[in-house]
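One structure is given here, and the rest of the page talks about it.
The values are calculated or read from the model by the stated rules, or taken from the named source; none is laboratory data. Just so you know, these numbers come straight off a predicted model, no measurement behind them. All Cβ positions, glycine included, derive from the backbone under ideal geometry; neighbour counts span all protein chains shown.
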């Protein structure tokens with residue numbers, strides 16, 4: 001087999017891609033599959049908190065990171081962004097000669113898919129740097145190989161994720177929703193939260209496998225609220241049955257302080273409160289921009305979180321913002 005070629009002449013000296021965080025408006029979790037994963041009905045919303053990944057020519061593959069919690073982001077081959085660059089280079093018969101700089105603003109290990117976002121951004125940045133031309137379907141296939149959330153970070157907007165979350169169906173959203181995200185100190189391990197979910201199901205007297213747990217299904221009322229842009233209806237759907245996130249009880253079990261964070265947001269006027277994904281970031285749906293600022297200020301003052309960030313959804317997926 002011939003050696004991998006150097007990357008073609010880049011379209012510019014560097015390419016910067018902006019990519020959003022996500023919140024799971026619904027995360028319905030099925031039983032444990034034989035392969036160790038769980039089937040999901042995962043209603044993704046991209047939100048306006050962004051990382052930026054810049055790809056520039058280099059003599060090899062190098063990762064640098066800046067921004068909040070940069071010290072907690074690996075700068076080696078274990079970083080999903082590095083794996084994305086290598087996967088694309090292999091598909092195109094190139095050497096992954098690229099410097100990837102990740103400017104972090106999405107909370108690290110916060111249940112908002114920051115690492116997956118960086119992988120999607122790196123994939124698009126490298127493809128653009130190396131001349132583009134990779135079909136969208138192939139980019140999405142690489143995303144799915146990298147992780148369950150990565151395809152959605154590339155696509156953005158709103159989508160229903162099935163399978164592990166990687167099989168996407170775009171969803172219509174009829175308006176802008178206002179959110180506040182309360183960022184916790186430290187992170188939570190997603191695999192650990194899933195294991196705790198399984199443990200809690202068994203402890204409650206049921207089973208945890210696909211034979212014991214019904215197939216996950218999206219909530220029609222929640223999908224309709226998104227389609228019509230109805231904030232009050234979305235709030236009702238988010239809180240029906242306690243929470244729209246099947247991982248919330250497990251996240252709170254592992255981090256009991258999250259119960260105080262959720263309560264503080266509700267007391268501050270949020271219409272709905274839930275753990276974002278596997279946590280520990282908590283998400284609060286509010287009525288408008290003024291309410292978002294007020295709830296964020298109250299959350300910061302409450303001492304139940306490190307910081308609180310107001311923003312909106314949906315947001316665009318990974319997209320090029322600078323060349324050169």
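Below are the figures for this structure:
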read-out: Qualifying positions in segment 273-291 - surrounded by 24 or more Cβ atoms within 10 Å (Cβ to Cβ) and either in contact with a strand residue (DSSP E or B) (Cβ under 6 Å, 6 or more places away or on another chain) or farther than 20 Å from residue 242 by Cβ (or both); value: 273, 274, 275, 276, 277, 281, 282, 283, 284, 285, 286
read-out: Residues located in segment 153-192, provided they are assigned to a helix (DSSP H, G or I) and out of contact with any helix residue (DSSP H, G or I) (no Cβ under 8 Å at 6 or more places or on another chain); value: 190, 191
read-out: Selection within segment 46-62 - surrounded by 24 or more Cβ atoms within 10 Å (Cβ to Cβ) and either more than 27 Å from residue 182 (Cα to Cα) or more than 21 Å from the chain's Cα centre (by Cα) (or both); value: 55
read-out: Exclusive hit being farther than 14 Å from residue 262 by Cα, touching a strand residue (DSSP E or B) at 6+ places or on another chain (Cβ under 9 Å) and without any contact (Cβ under 8 Å) to a residue 40 or more places away in the chain, set 318, 294, 298, 313; value: 294
read-out: Scan of segment 64-90 for residues that are over 30 Å from residue 283 (Cα atoms) and under 25 Å from the mean Cα position of the chain (by Cα), ordered by number; value: 76, 77, 85, 86, 87, 88, 89
read-out: Tabulated pairs, segment 257-276, first over 21 Å from residue 44 (Cβ atoms) and outside the structural domain of residue 240 (by TED's automatic domain parsing), second modelled with pLDDT under 95 and assigned to a helix (DSSP H, G or I), C-beta under 9 angstrom, 6+ apart or interchain; value: none
read-out: Candidates 88, 124 - the one that is touching a residue at least 24 places away in the same chain (Cβ under 8 Å), touching a helix residue (DSSP H, G or I) at 6+ places or on another chain (Cβ under 6 Å) and crowded, with 20+ Cβ neighbours inside 10 Å; value: 88
read-out: Positions within segment 240-260 being farther than 21 Å from residue 39 by Cα and within 21 Å of the chain's Cα centre (by Cα), in sequence order; value: 252, 254, 255, 258
read-out: Matching residues in segment 128-152 - criterion: being crowded, with 24+ Cβ neighbours inside 10 Å and either assigned to a loop (DSSP other than H, G, I, E, B) or without any contact (Cβ under 8 Å) to a residue 60 or more places away in the chain (or both); value: 130, 143, 149, 151
read-out: Subset of segment 234-257 that is modelled with pLDDT of 95 or more, assigned to a helix (DSSP H, G or I) and in contact with a strand residue (DSSP E or B) (Cβ under 6 Å, 6 or more places away or on another chain) - its residue that is farthest from residue 314 (Cα to Cα); value: 251
read-out: Residue 187 assigned by TED's automatic domain parsing to the domain that holds residue 246 and within 17 Å of the chain's Cα centre (by Cα); value: yes
read-out: Number of the condition not met by residue 267 [criteria: (1) surrounded by fewer than 24 Cβ atoms within 10 Å (Cβ to Cβ); (2) under 16 Å from the mean Cα position of the chain (by Cα)]; value: (2)
